[in-house]
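The structure appears right after this line, and notes come after that.
The values are calculated or read from the model by the stated rules, or taken from the named source; none is laboratory data. The model shown is predicted, which means the values in this text are computed figures rather than measured ones. Methodologically, a virtual Cβ is constructed for each residue, glycine included, from the backbone with ideal geometry; neighbour enumeration extends over all protein chains shown.
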Amino acid sequence: MIKASRIVHLTDARYFAAREVDYLGFNLEEATEGYLDPMYMKAIREWVEGPKIVGEFSSAPIEVVRESAAFFGLDAVQVSAANHGNQLADLGGLEVILSVKITPNGLEVPAETLKQYAALVDVLLFEATPDTDVQALFASAPDFWRNLFRQKPALLQANVPAEAWPELIREYQLAGLGLTGSEEEQTGVKSFDEIEEIFEILDGGR
């Protein structure tokens, strides 16, 4: 399972769709980094097929999340464990991806609290901060992380070498990984060499 997050242009969307990712995520929360006008998202959507379209929200009121899902015909929504955890019941009937931050010190939300949230969502997306060495962090308490990732299909979004992904997924029983979009070098032009390396290594491990 793969989720591509923070898509901001058609070049990324078409690439990831061709790579048959499961989810394409668009940040629909105004005044936040990587925000994409929902009307542009709808235009991009017309050009791709296959992945589920996800609206990403980091701190918007839960009623805005639900209204956006209905108005824009989203297939799923992504919300934050830290900011939306106590209101997850209000998203009943929607497919929900819960974003959980991992820092060098561990989880931003206590594991026991996260277990309660997991019952109300469909997928857990663990997003490691850039300064987090997840390989060392996981190795320091492997059973803890394995048990955590077993609660629901768990994706990991982290800065690790491409060749490390197959072992991480296998060792910690992850459902897959999260990738992120980035700006084009110029309109319609972008190098996907680094991301392509990840796909090739994953394909080789199947």
Handout entry: Close pairs from region 58-72: first more than 17 Å from G34 (Cβ to Cβ) and without any contact (Cβ under 8 Å) to a residue 60 or more places away in the chain, partner among the acidic types (D, E) and assigned to a helix (DSSP H, G or I), Cβ under 7 Å, at least 6 apart
Key = I62/D90; R66/D90
Handout entry: Residues of region 74-132 that turn out to be outside any helix (DSSP H, G or I), farther than 26 Å from I44 by Cα and among the polar types (S, T, N, Q), as a count
Key = 4
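Let's see how each residue does on (1) closer than 21 Å to E29 by Cα; (2) surrounded by 14 or more Cβ atoms within 10 Å (Cβ to Cβ); (3) within 19 Å of the chain's Cα centre (by Cα):
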site: L124; (1), (2), (3): yes, yes, yes
site: A136; (1), (2), (3): no, no, no
site: F149; (1), (2), (3): no, yes, yes
site: A164; (1), (2), (3): no, yes, yes
Exercise for the section: Return a yes/no flag: does region 67-79 have any residue that is over 15 Å from the mean Cα position of the chain (by Cα), under 22 Å from Q157 (Cα atoms) and among the hydroxyl-bearing types (S, T, Y). Expected result: no
Problem - Residue count, region 23-45 (criterion: in contact (Cβ under 8 Å) with a residue 24 or more places away in the chain, of a type outside the set (S, T, N, Q) and in a loop (DSSP other than H, G, I, E, B)) - result: 4
Completion exercise
Condition set touching a residue at least 24 places away in the same chain (Cβ under 8 Å) and among the acidic types (D, E), scope region 100-150, selection farthest from H84 (Cα to Cα): answer is D133
Completion exercise
Residues in region 19-35 that are among the aliphatic types (A, V, I, L, M) and at pLDDT below 95 total 1
Problem - Meets criteria (under 20 Å from A60 (Cα atoms), of a type in the set (V, I, T) and at pLDDT 95 or above) for V134 - result: no
